[in-house]
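The values are calculated or read from the model by the stated rules, or taken from the named source; none is laboratory data. Source: prediction; values computed, not measured. Backbone-built Cβ (ideal geometry, glycine too); neighbour counts: all protein chains shown. Each accessible area value is taken on the protein alone, full model and side chains, heavy atoms only, with ligands, DNA and RNA left out. Shrake-Rupley method; radii C 1.70, N 1.55, O 1.52, S 1.80 Å.
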Amino acid sequence: MLAHLLAPALARRGVHYGWAMAALTFLTSLSTAAVMGMPGVLMLPLHAEFGWDIADISAVMALRLMLFGLMGPFAAAIMLRYGVRATVVAAVTLVASALLLATGMTSELQLWATWGVMSGLGAGLVALVLGATVASRWFVARRGLVLGVIAAASATGQLAFLPLAQWLSDHYGWRVALLPVCAACVVAGTLMLLLGADYPGQLGLPAFGETKETLPPPRRGGAALAALRTLAEVSGNRVFWVLFGTFFICGLSTNGLVQVHLIPLCADFGIPGVQAAGLLAMMGVLDIFGTIGSGYLSDRFDSRKLLFWYYGLRGLSLVFLPFSNFTVAGLSVFTVFYGLDWIATIPPTVKLATQHFGRDRGPLVFGWIFTAHQLGAAVAAFGGGVARDMLGSYLPAFFVAGAACVLAALAAMSIRRPVAVAVAPVAA
């Protein structure tokens with residue numbers, strides 16, 4: 001493992017290896033998240049080439065989002081049992097295989113297998129739980145900032161690749177559009193294999209912000225059992241269910257709705273695909289600032305109040321969209337406000353989970369909370385397609401999502417003030 005050689009070299013220059021792990025995690029999150037952002041580009045080409053209904057394609061994407069989320073708590077336990085490095089390598093291998101196999105699909109069953117099951121499971125292994133795990137293990141100081149940066153990679157990866165993918169799809173076909181994302185996943189997995197480490201203690205280091213080396217907990221039992229045991233232990237906690245519910249609405253109002261359906265929605269109003277993909281890419285760029293800023297703020301302010309403002313402003317932006325008339329000015333206003341708030345909810349949500357449930361248990365609890373995010377995304381992905389087929393418009397789905405965000409804002413303020421807890425390490 002080259003980390004044993006690189007860590008001392010960085011230490012001599014005053015750089016903690018946690019920052020290298022944060023960079024590797026950023027790249028992994030960026031690459032695998034790009035896979036989750038592709039449905040917006042694929043929806044219309046698949047409909048045109050194979051004649052599959054938008055609702056049927058949306059159902060596959062809904063399954064993908066659901067599996068992506070359901071893997072969250074088990075991914076945290078798998079990382080605890082087998083390590084971050086091995087988990088990342090396995091995940092990107094599964095995702096890259098799904099992309100390559102998808103280029104040769106000719107039936108809906110193959111669509112379900114590659115885009116529905118394989119990409120959902122693979123990307124779910126290294127979803128936002130990866131960032132929460134790395135930040136919790138490697139950082140005490142600057143943890144919120146690191147979470148913000150990694151979370152920004154997740155959102156940016158889902159959106160920033162879209163203009164290139166849409167251009168490749170328009171000029172060379174949707175199959176070619178998959179190749180850059182596949183290559184990015186291979187690069188990320190290779191670098192993690194060569195340079196990754198599971199705990200700072202493996203390199204003789206304390207976590208950043210601590211002075212004493214913390215050894216990893218013993219690896220005992222099964223990953224699935226650890227995840228299910230954690231759910232049983234926190235299921236009676238009201239804070240868990242508030243965070244679970246608000247994050248369900250977070251997924252409902254972001255990657256399940258806007259990420260999947262904004263490009264087809266814009267097409268209904270005569271906006272070209274590349275231009276619509278550019279709007280999503282701009283949201284990704286703005287999200288870098290919004291989510292990193294959220295991480296910075298979560299280190300300094302009450303996370304409950306931050307969630308109140310994030311959900312409230314997101315709800316207003318979604319309600320505003322149908323009244324934008326889809327002009328350049330109207331869409332620009334929506335893009336700025338929505339983009340800054342895309343997943344700014346992650347750092348304060350992770351911080352609340354860690355504060356209420358402990359450093360070691362926090363990532364596992366967040367894994368279950370993240371499951372809610374993707375269940376909400378699956379509902380919106382499928383519901384948006386059904387609304388389009390049955391009502392002839394996506395707009396009712398956007399109104400519902402906006403109203404749900406207002407409810408999430410109010411629910412966030414009902415969480416009691418967090419208190420420090422000391423929880424024994426969770427055995428995986």
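Can you confirm whether Arg361 is modelled with pLDDT under 80, over 18 Å from the mean Cα position of the chain (by Cα) and open to solvent by less than 70 Å² (accessible area, probe 1.4 Å)? Criteria met by Arg361. For Ala344, the criteria (1) out of contact with any Leu (no Cβ under 6 Å at 6 or more places or on another chain); (2) assigned to a helix (DSSP H, G or I); (3) touching a residue at least 24 places away in the same chain (Cβ under 8 Å); (4) over 22 Å from Leu231 (Cβ atoms) hold in every case but one, which is (2).
Being within 20 Å of Met105 (Cβ to Cβ), aliphatic (A, V, I, L, M) and open to solvent by 10 Å² or more (accessible area, probe 1.4 Å) is the filter here, so list the residues in the range 161-185 that pass it. Across the range 161-185, the qualifying residues are Leu168, Val176, Leu179, Ala183. Scoring Leu121 on the criteria (1) within 29 Å of Ala20 (Cα to Cα); (2) touching a Leu at 6+ places or on another chain (Cβ under 6 Å); (3) open to solvent by less than 10 Å² (accessible area, probe 1.4 Å); (4) aliphatic (A, V, I, L, M) leaves a single failure, condition (3). Scanning the range 36-45 turns up no residue that is in contact with a helix residue (DSSP H, G or I) (Cβ under 7 Å, 6 or more places away or on another chain), within 21 Å of Ser136 (Cα to Cα) and of a type in the set (A, V, I, L, M, F, W, C).
Taking residues in the range 286-301 that are in contact (Cβ under 8 Å) with a residue 24 or more places away in the chain and among the polar types (S, T, N, Q), and partners anywhere that are part of a helix (DSSP H, G or I) and open to solvent by 60 Å² or more (accessible area, probe 1.4 Å), the pairs with Cβ atoms closer than 9 Å and at least 6 places apart or on different chains are Thr291/Leu340. May I ask you to say which residue of Arg300, Arg304 is open to solvent by less than 30 Å² (accessible area, probe 1.4 Å), charged (D, E, K, R) and at pLDDT 80 or above? Within the list Arg300, Arg304, the selection yields Arg304. Regarding the range 186-196, can at least one residue be identified that is of a type outside the set (D, E, K, R), assigned to a helix (DSSP H, G or I) and modelled with pLDDT under 90? No, that holds for no residue. With respect to the conditions (1) in contact with a Cys (Cβ under 8 Å, 6 or more places away or on another chain); (2) outside any helix (DSSP H, G or I); (3) not aromatic (Phe, Trp, Tyr), Ala141 lacks only one, and its number is (1). Where helices (runs of 4 or more DSSP H) fall entirely within the range 1-52, none has at least 3 residues that are open to solvent by 10 Å² or more (accessible area, probe 1.4 Å) and of a type in the set (Val, Ile, Thr). Among the residues of the range 364-394, the one identified as over 22 Å from the mean Cα position of the chain (by Cα), open to solvent by less than 30 Å² (accessible area, probe 1.4 Å) and among the aliphatic types (A, V, I, L, M) is Ala387. Of the residues making up the range 342-356, those that are open to solvent by less than 10 Å² (accessible area, probe 1.4 Å) and modelled with pLDDT of 80 or more number 9.
The residues in the range 227-280 that are closer than 17 Å to Gly383 by Cβ, under 15 Å from the mean Cα position of the chain (by Cα) and not in a loop (DSSP other than H, G, I, E, B) can be counted, and the count is 8.
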